[in-house]
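Step one of this worksheet: look at the structure below.
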Amino acid sequence: MGEFYGRKIRSGEINPKTGKAWALEDVPAYWREKSEKWLRDEVEQDG
């Protein structure tokens, strides 16, 4: 699920609950740390 939310953030997908692009603050607390790690790992790979 970290990747699921990370991809939403990276792609700029609109969060239907907020009407704005997904942000880490929108990710459920349970998945936030895993999403942050996924995003960091992706930046390092793109690097």
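Note that region 10-17 has calculated 3J(HN,Hα) couplings of 5, 7, x, 4, 7, 7, x, 6 Hz, one per residue in order, obtained from phi through the Karplus relation 6.51 cos²θ - 1.76 cosθ + 1.60 (θ = phi - 60°); glycine and proline are x. Among the GluC sites (Glu not before Pro) within the chain, those in coil by DSSP and having at most 12 neighbouring Cβ atoms inside 10 Å are E13. Per-residue ellipticity at 222 nm, computed for the chain from helices alone with -39500 (n - 2.57) per DSSP H run of at least four residues, works out to -19000 deg cm²/dmol. Backbone N atoms of region 20-42 closer than 18 Å to the 7 Å Cα→Cβ label point of E3 belong to residues 31-42.
When we measure straight from the Cα of K37, which lysines land under 17 angstrom away, once same-chain ones fewer than 8 places off are left out? The qualifying lysines are K8. Modelled spin labels at R10 and L24, positioned 7 Å past Cα toward Cβ, are 1.6 nm from each other. Using only side-chain charges placed at the Cβ, +1 for Lys and Arg and -1 for Asp and Glu, the dipole size of the chain relative to its Cα centre rounds to 220 debye.
Sequence-ordered 3J(HN,Hα) estimates for region 37-43 from the Karplus curve with 6.51, -1.76 and 1.60 and θ = phi - 60° stand at 4, 4, 5, 4, 4, 5, 5 Hz, glycine and proline given as x.
Amide H contacts of A21: N15, each under 5 Å away and 5 or more positions distant or on a separate chain (H built 1.01 Å from N in the peptide plane; Pro and chain starts excluded).
Each value in this text was obtained by applying a stated rule to the coordinates, not by laboratory testing. Everything numeric in this text was worked out from a predicted model, so none of it was measured. As a convention, Cβ positions derive from the backbone with ideal geometry for all residues, glycine included, and neighbour counts pool all protein chains shown.
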